[in-house]
Amino acid sequence: MNTHRTLKRHSKLTLAALGLGGALGLVSSWVWAQETGITDKVIRIGSTTQLEGEYKYFGQSQKQGMTAALNGQSVQKRTIEFTQINDFYEPAKAVEGAKQLIEKGIFAMVLSGGTGTAKAVLPVLAEHKIPAFGFYNGAGFTGPGDVLNFRVSYAKEVETAADTGIAIGLKPTEICAYVQNDGYGMSGLSGLRAALAKHSGTEATVAKLDQILNMPGDNPARNNIGPVGVYKRDTSNAREGYMSLKKWETDTGVRCRLIVTTALYNQAVNFIAYVIQKGEPWIFSSVSAASGDLLASLLKEKAVKNSVIFTTQVVPPLDSPLPVVVEARKALNENLNVISLEGYMIGKLFVAIMQAIDGPLTRENFLKAARRQPYDLGGVKVDFTTDNQGSDFVGLTVLKDDRFVPTTSNDLAALIK
């Protein structure tokens with residue numbers, strides 16, 4: 001009898017232990033099953049970008065914008081930790097930095113900078129199923145992996161610039177290009193092709209652009225073929241690209257009037273100053289990657305005045321009354337510029353999507369939340385419901401009194417007459 005009671009008691013204890021062990025196992029499994037980059041207190045995200053060297057203005061401004069947007073924000077009682085690793089705008093260093101972040105454990109890569117660097121990093125992220133969110137480039141990448149772009153593509157920016165030139169009275173064949181000789185520059189050049197292909201009489205020019213765009217390699221000989229001048233990445237010599245454009249004029253008998261540029265700050269300024277020194281009556285456009293106060297300051301240093309230079313922008317003007325810009329002005333103060341504003345908007349968007357997640361914080365649920373509905377950042381609409389391109393905003397600014405101010409095609413038409 002006593003033995004029976006003892007066995008019964010042991011059985012109950014065993015079952016209780018098993019029950020407790022099972023419960024503990026479930027708890028352990030739940031903790032273990034949390035997505036990489038998610039802890040009970042923190043969500044870790046990261047980026048590789050330019051924090052030192054010639055292009056540090058980009059990375060430092062991005063950091064200021066993102067930090068301001070994340071300040072005081074939480075998602076399911078977790079704060080967001082943003083880590084940047086310097087890549088010097090070099091693809092190999094970007095890959096190395098991405099691997100460091102992955103080893104540390106990140107939920108997503110957010111606001112990484114550069115086109116060539118992004119192209120190198122995306123396969124690494126895809127391998128580890130890490131989303132690429134709001135990268136600072138306009139190449140319009142759709143993969144590999146899960147890519148959600150905030151800004152419009154450089155192609156769309158240049159297409160808008162060329163469309164604007166045609167709208168103010170220029171002939172399509174009078175629009176030429178000066179671009180970096182890599183994926184960044186070619187993405188812009190594809191926008192010129194798209195603009196010219198809309199008009200009759202441009203077939204021969206479009207064929208030359210196709211020839212240039214389809215050349216393989218990192219730095220092929222793209223000068224002296226069509227209405228395009230190129231410079232090698234990380235160099236600033238404008239002469240070869242300029243001579244390529246002059247050869248096009250001589251060969252075709254058609255003058256370039258608008259030069260759409262897809263270059264970085266120093267290279268765009270060196271080219272514009274060189275062309276003006278040569279006495280060319282050209283007008284210029286620049287994409288958002290080389291725009292705003294820094295571009296105006298560098299042009300002033302080169303004594304560039306009384307020339308028509310306009311830019312395309314992917315964020316509203318810094319003095320806009322839109323709620324998101326008012327909010328960013330207050331948060332960033334003297335650090336507000338077009339790059340930090342974009343970083344602020346991307347940070348704000350990331351938080352909004354994370355807070356909209358229905359259920360546990362997983363990458364799958366993050367992507368579902370991003371694609372489930374449009375988001376309003378405070379006057380700027382972002383929509384991933386039909387594709388991976390969030391914003392379609394493209395604005396125009398023009399150089400006036402040593403600064404870039406908002407403009408319209410009608411205003412530009414008056415300037416060139």
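Brief remarks on what is shown
- log10 of Debye I(q)/I(0), alpha-carbon scatterers only, for the range 281-417 at 0.13, 0.14, 0.21 Å⁻¹: -0.65, -0.73, -1.22
- Annotation: the residues 342, 249, sorted from fewest to most other C-beta atoms within 10 Å of their own C-beta, follow the order 249, 342.
- Compared with the direct C-alpha span, the chain from residue 39 to residue 322 gains 98.4 nm at full extension, assuming 0.36 nm per residue.
- Binned Cα-Cα distances of the range 288-365, short to long, each 5 Å bin given as a whole percent: 3, 13, 19, 17, 15, 11, 10, 5, 3, 2, 1, 0
- Counting only alpha carbon atoms, the long axis of helix 91-104 and the longest principal axis of the chain meet at about 20°.
- Extension gain, residue 330 to residue 356, is 6.8 nm, computed as 0.36 nm per intervening residue step minus the present C-alpha separation.
- For the residue pairs 305/417; 198/232; 278/305; 171/208; 99/232, alpha carbon separations beyond 20 Å are given by 198/232; 99/232.
- Label-point gap, in nm, between residue 104 and residue 251 - each point 7 angstrom along Cα→Cβ: 4.9 nm
- Within the chain, percent of DSSP bridges classed antiparallel, to nearest 5: 25 percent
- Protection proxy ranking of 177-184, 278-285, 201-208 - average other beta-carbon atoms within 10 Å, highest first: 177-184, 278-285, 201-208
- Build a GNM of the chain with springs between Cα atoms under 10 Å apart, and of 186, 109, 243 the one that fluctuates most is 243.
- Whole-number percent relative contact order across the range 243-327, with pairs defined as alpha carbons under 8 Å at least 6 apart: 27 percent
- Of the residues 348, 247, 198, the one that moves most in a GNM of the chain with alpha-carbon contacts below 10 Å is 198.
- Spin-label model, residue 83 to residue 219: label points 7 Å out along the Cα-to-beta-carbon direction sit 3.3 nm apart.
- Relative contact order, percent, the range 59-200 [alpha-carbon distance under 8 Å, six or more residues apart]: 16 percent
- Rounded tilt (10° steps) of 239-252 against the dominant C-alpha axis of the chain: 60 degrees
- The relative contact order of the chain, computed from alpha carbon pairs under 8 Å that lie at least 6 residues apart in sequence, is 16 percent.
- Binning the C-alpha pair distances of the chain at 20 Å intervals from 0 yields a P(r) profile of 26, 50, 16, 5, 3, 0 %, listed from the shortest bin outward.
- Cα-projected label distance for residue 171 with residue 200, points at 7 Å along beta-carbon direction, nm: 1.5 nm
- Of 67, 160, 250, the one that fluctuates the most in a GNM where the chain has Cα springs shorter than 10 Å: 250
- Net length gained if the chain between residue 208 and residue 126 were fully extended (0.36 nm per residue, minus Cα distance): 26.0 nm
Read the figures in this text as sums done on the coordinates, not as results from a lab. Please read these numbers as outputs of a predicted model, since none were measured by experiment. Here the Cβ is made from the backbone with ideal geometry for all residues, glycine too, and neighbour counts use every protein chain on show.
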